[in-house]
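Trainee: Provided herewith is a single structure, encoded as structure tokens, for subsequent inquiry.
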Amino acid sequence: DGGITQSPKYLFRKEGQNVTLSCEQNLNHDAMYWYRQDPGQGLRLIYYSQIVNDFQKGDIAEGYSVSREKKESFPLTVTSAQKNPTAFYLCASSMWTSAIRGTDTQYFGPGTRLTVL
Amino acid sequence: AQTVTQSQPEMSVQEAETVTLSCTYDTSESDYYLFWYKQPPSRQMILVIRQEAYKQQNATENRFSVNFQKAAKSFSLKISDSQLGDAAMYFCAYRTRRDSNYQLIWGAGTKLIIKP
């Protein structure tokens, strides 16, 4: 079955520790995205990547880092510089097209709940 | 900058009845997409329906339909014959074109409660 997987489902971080969230897709999608969701709020974009070895900052990139070494994988590292990392993190992917009317529907993984101890 | 507003933090409906969720947006663009996503208690985000701004016909997916009013910048979701499985957070999203990339702008969500 094609889809997006995220691991782990729950993650606990100690103060000053870096942690990495995994996101893998087998949909052959070009673009991948990381969002953060806080209670009572919509999603906020952290980073996105259109192609391998390229990625762009979203609205709240400070304290986060990403890599895109393979088309299928887009891991997110939450660094110690992120002062309030407790949140729900969602990964998404979509087919990329530069056509004005190209489809860009984003499909989501099941998410990772990160808690700072 | 584009914004998306969902003015109803919570809505409730009796099972089998119809409910409409509101969404308004602000943009100066003429070409864009609008989406409704559903987030059930499992928290996985699921696409419900998509509307292309250049199409005048309202999108429909089974029991889900939209009322797209481009001039009023309104994009409401109608759920007919509500079922218990429809209980979820519903998010409206706008696809902008920023820096030659397509990104989604999200509303804060509406919690839908289905009463048996």
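The values are calculated or read from the model by the stated rules, or taken from the named source; none is laboratory data. Remember, predicted model here, so these are calculated numbers, not experimental data. Note that each Cβ is placed from the backbone with ideal geometry, even for glycine, and that neighbours are counted across all protein chains shown. Just so you know, the surface numbers come from the protein's heavy atoms only, side chains and all, with ligands and any DNA or RNA stripped out. Shrake-Rupley method; radii C 1.70, N 1.55, O 1.52, S 1.80 Å.
Trainee: Report, by residue number, each residue of region B:70-100 that is at pLDDT 95 or above, open to solvent by 80 Å² or more (accessible area, probe 1.4 Å) and in a strand (DSSP E or B).
Mentor: B:Lys78
Trainee: For A:Met32, are the conditions met, namely being of a type in the set (A, V, I, L, M, F, W, C) and at pLDDT below 90?
Mentor: no
Trainee: Would you tally the residues in region B:26-47 being open to solvent by 20 Å² or more (accessible area, probe 1.4 Å) and at negative phi?
Mentor: Taking region B:26-47 and keeping what is open to solvent by 20 Å² or more (accessible area, probe 1.4 Å), we get B:26, B:28-31, B:38, B:40-44, B:46-47.
Okay, now just the ones that are also at negative phi, so B:26, B:28-31, B:38, B:40-42, B:44, B:46-47.
Qualifying residue count for the region: 12.
Trainee: Please go through (1) of a type in the set (Val, Ile, Thr); (2) away from chain A (no Cβ under 14 Å); (3) surrounded by 14 or more Cβ atoms within 10 Å (Cβ to Cβ) for B:Thr18 and return the number of the only condition it doesn't satisfy.
Mentor: (3)
Trainee: Confirm whether A:Gln50 is away from every other protein chain (no Cβ under 12 Å) and surrounded by 13 or more Cβ atoms within 10 Å (Cβ to Cβ).
Mentor: Values: away from every other protein chain (no Cβ under 12 Å): no; surrounded by 13 or more Cβ atoms within 10 Å (Cβ to Cβ): yes.
Criteria not met by A:Gln50.
Trainee: On to the next question. Which members of region A:13-47 meet the condition of being loosely packed, with under 15 Cβ neighbours inside 10 Å and among the polar types (S, T, N, Q)?
Mentor: A:Gln17, A:Asn18, A:Thr20, A:Asn26, A:Asn28, A:Gln41
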